[in-house]
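This report concerns only the one structure given below.
The values are calculated or read from the model by the stated rules, or taken from the named source; none is laboratory data. Keep in mind that what you see is a predicted model, and the values were worked out from it rather than measured. Cβ coordinates were reconstructed from backbone atoms using ideal geometry, including for glycine residues, and neighbour counts include every protein chain displayed.
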Amino acid sequence: ASAWSKVPQGPPSISTDTCTGISEAFKADSHPEKILLGAGAYRDDQGKPYVLPSVKAAELQFVNSGLDKEYAAITGVADFVKAATKLAYGADSAPLKSGSISATQSISGTGALRIGGAFLERFYPGTKKIYIPTPSWANHGAIFEDSGLEVGKYRYYNKDTIGLDFQGMVEDIKTIPKGSIVLLHACAHNPTGIDPTKEQWKEISKAVKEGEHQVFFDMAYQGFASGDTDADAFALRQFIKDGHKPILAQSFAKNMGLYGERAGAFSVVCESAEEKANVDSQIKILVRPMYSNPPIHGARIAAEVLTNPALNKQWLGEVKGMADRIIKMRALLQDNLEKLGSKRDWSHITSQIGMFAYTGLTPEQVATLAKEHSVYCTKDGRISVAGITSGNVKRLAESIYKVTG
Ligand code: PMP
């Protein structure tokens, strides 16, 4: 018998609650004006994938410069890691200036979370249980479970208000066992698009402090939410001001459109430069047997975009351009729904932020949207706003209006 004869069939990866599943259904649909609002990848107003001009310029610069393809260090392209941490923590960050942040390049945001999971599993002195919001990015639970951590949940989404369950969230953070690990989405919460306000972040910081918890920020959308990379780093920087020592996962998939290049960074804020050196050494020991060293191409591009003043300025404009287009499509969708005379309150579409809107549509309504209107989104009613264009927003609003009455 084959060695694998006892390997059971896993649950279908192609089902209507996953992005892959709806992409398949979308492909099979012959409607000339079908609309796909699934995956979290930016599209331009023609519905096309977008390579940022600053990214292309940076790439062309070094493709012609005769750089070799030798391995990076275990911790990756040094210039990239330095620039990435500066982007997140801010040039005037106290732990950055005192040299007490341990950082490594990672295989995009997912890889950063995975290194974080492994690091916590090996070294976290408290209970190795990480609490993630309900709901959270679908991969969080799997990443941390595979890292050997226990995964718990805290309240986040209030379906009655289609908003933040702030009270529930703070209550849960205060009542989970002292010294737990709490994962927070730094900005543009996926899948809900609902972020705490600045005042709420301060309260959350207090609650995390009271619980003596370790905070882990997942920052997959810096700049992409508001169009301003500093504004989107507010929560991380506020927590540091409040005396927390966060762990951070960064991704350049969305804000530089480097999806498949897998450029990201993982960092740990330490107490001192000595502590940082110890953490550095252990991160190398963790990474080496996982993948030896990370890919160089995307990191070189991101380093150039972040450190070349002209390209950096251009990039900030392009990030803002993407964020602004998303914000505009939200407004257009809400506006069109209201014009159609919908009696529902659609204000959450514009109060939410980032790539996704949580519409509040039920699974039945989502199914009708697909079947009768050839509009595809995930079963939880999440739409990728990046899939909306000036050309399809009217038909989208009409379809949503029809299924919601
Ligand atoms: N965290 C969140 C919340 C995300 O939405 C994503 C991307 N969908 C990631 C992390 C990681 O993405 P990547 O590995 O492509 O950087």
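Report yes if residue 319 is closer than 30 Å to residue 83 by Cα, assigned to a helix (DSSP H, G or I) and either modelled with pLDDT of 95 or more or out of contact with any Cys (no Cβ under 8 Å at 6 or more places or on another chain) (or both), otherwise no.
So residue 319 fits the description; yes.
Quickly run through the stretch 349-405 and pick out the residues that are part of a helix (DSSP H, G or I) and in contact with a Phe, Trp or Tyr (Cβ under 7 Å, 6 or more places away or on another chain).
370, 385, 386
Could you please let me know if residue 124 is surrounded by fewer than 19 Cβ atoms within 10 Å (Cβ to Cβ), within 15 Å of residue 245 (Cα to Cα) and touching a strand residue (DSSP E or B) at 6+ places or on another chain (Cβ under 9 Å)?
It is true that residue 124 is surrounded by fewer than 19 Cβ atoms within 10 Å (Cβ to Cβ), within 15 Å of residue 245 (Cα to Cα) and touching a strand residue (DSSP E or B) at 6+ places or on another chain (Cβ under 9 Å).
Here is a yes/no grid of residues against (1) within 20 Å of residue 55 (Cα to Cα); (2) in a loop (DSSP other than H, G, I, E, B):
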{"site": "202", "(1), (2)": "no, no"}
{"site": "212", "(1), (2)": "no, yes"}
{"site": "216", "(1), (2)": "no, no"}
{"site": "222", "(1), (2)": "yes, yes"}
{"site": "274", "(1), (2)": "no, no"}
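Residues that are farther than 28 Å from residue 299 by Cα and within 12 Å of the ligand (Cβ to nearest atom): find the strands (runs of 3 or more DSSP E) completely inside the stretch 87-160 holding 2 or more of those.
The strands (runs of 3 or more DSSP E) meeting that bar are 129-134.
Within 16 Å of the ligand (Cβ to nearest atom) and of a type in the set (S, T, N, Q) - does that describe any residue in the stretch 280-302?
No, because not a single residue in the stretch 280-302 is within 16 Å of the ligand (Cβ to nearest atom) and of a type in the set (S, T, N, Q).
Report whether or not residue 382 is in contact (Cβ under 8 Å) with a residue 24 or more places away in the chain and surrounded by fewer than 23 Cβ atoms within 10 Å (Cβ to Cβ).
Judged against the criteria, residue 382 is not a match.
Just to be sure before I move on: is residue 194 touching a residue at least 60 places away in the same chain (Cβ under 8 Å), more than 10 Å from the ligand (Cβ to nearest atom) and either more than 30 Å from residue 53 (Cβ to Cβ) or surrounded by fewer than 23 Cβ atoms within 10 Å (Cβ to Cβ) (or both) in the structure I sent?
Considered against the rule, which asks whether it is touching a residue at least 60 places away in the same chain (Cβ under 8 Å), more than 10 Å from the ligand (Cβ to nearest atom) and either more than 30 Å from residue 53 (Cβ to Cβ) or surrounded by fewer than 23 Cβ atoms within 10 Å (Cβ to Cβ) (or both), residue 194 comes out as yes.
Hey, does the stretch 52-67 have a residue that's under 24 Å from the mean Cα position of the chain (by Cα), assigned to a loop (DSSP other than H, G, I, E, B), farther than 19 Å from residue 294 by Cα and within 16 Å of the ligand (Cβ to nearest atom)?
So far as the stretch 52-67 goes, yes, one or more of its residues are under 24 Å from the mean Cα position of the chain (by Cα), assigned to a loop (DSSP other than H, G, I, E, B), farther than 19 Å from residue 294 by Cα and within 16 Å of the ligand (Cβ to nearest atom).
For the stretch 258-271, give me each residue that is more than 11 Å from the ligand (Cβ to nearest atom) and of a type outside the set (Asp, Glu).
266, 267, 268, 269, 270
When you check residue 213 against the structure, is it surrounded by 20 or more Cβ atoms within 10 Å (Cβ to Cβ), closer than 26 Å to residue 121 by Cα and away from the ligand (no atom under 16 Å from the Cβ), yes or no?
yes
Under 7 Å between Cβ atoms, which residue pairs at least 6 apart in sequence (or on different chains) link something in the stretch 83-109 that is at positive phi with a partner that is of a type in the set (A, V, I, L, M, F, W, C)?
90/233; 99/273; 108/253; 108/263
Determine if the stretch 176-184 includes at least one residue that is within 16 Å of the ligand (Cβ to nearest atom), over 18 Å from residue 236 (Cα atoms) and under 17 Å from the mean Cα position of the chain (by Cα).
No, because not a single residue in the stretch 176-184 is within 16 Å of the ligand (Cβ to nearest atom), over 18 Å from residue 236 (Cα atoms) and under 17 Å from the mean Cα position of the chain (by Cα).
For residue 250, which of the numbered conditions (1) in a helix (DSSP H, G or I); (2) within 11 Å of the ligand (Cβ to nearest atom); (3) surrounded by 20 or more Cβ atoms within 10 Å (Cβ to Cβ) fails to hold?
(1)
With (1) aliphatic (A, V, I, L, M); (2) free of Cβ contacts under 8 Å to residues at least 40 places away in the same chain; (3) closer than 24 Å to residue 240 by Cα as the list, and residue 28 as the residue in question, which single condition is left unmet?
(3)
Tell me yes or no: at least one residue of the stretch 165-184 is at pLDDT below 95 and either in contact with a strand residue (DSSP E or B) (Cβ under 6 Å, 6 or more places away or on another chain) or among the hydrophobic types (A, V, I, L, M, F, W, C) (or both).
The answer is no, given that none of the residues of the stretch 165-184 is at pLDDT below 95 and either in contact with a strand residue (DSSP E or B) (Cβ under 6 Å, 6 or more places away or on another chain) or among the hydrophobic types (A, V, I, L, M, F, W, C) (or both).
Within the stretch 218-235, is there a residue that is surrounded by fewer than 18 Cβ atoms within 10 Å (Cβ to Cβ), more than 16 Å from the ligand (Cβ to nearest atom), over 30 Å from residue 317 (Cα atoms) and modelled with pLDDT of 95 or more?
No - not one qualifying residue is present in the stretch 218-235.
Quick one: residue 330 ticks every box in (1) under 16 Å from residue 33 (Cβ atoms); (2) buried (at least 18 other Cβ atoms within 10 Å of the Cβ); (3) out of contact with any Lys or Arg (no Cβ under 8 Å at 6 or more places or on another chain) except a single one, so which number is it?
It fails just one condition, (1).
Quick grid of which residues meet (1) more than 23 Å from residue 242 (Cβ to Cβ); (2) surrounded by 20 or more Cβ atoms within 10 Å (Cβ to Cβ):
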{"site": "145", "(1), (2)": "yes, no"}
{"site": "151", "(1), (2)": "yes, no"}
{"site": "154", "(1), (2)": "no, yes"}
{"site": "167", "(1), (2)": "no, no"}
{"site": "172", "(1), (2)": "no, yes"}
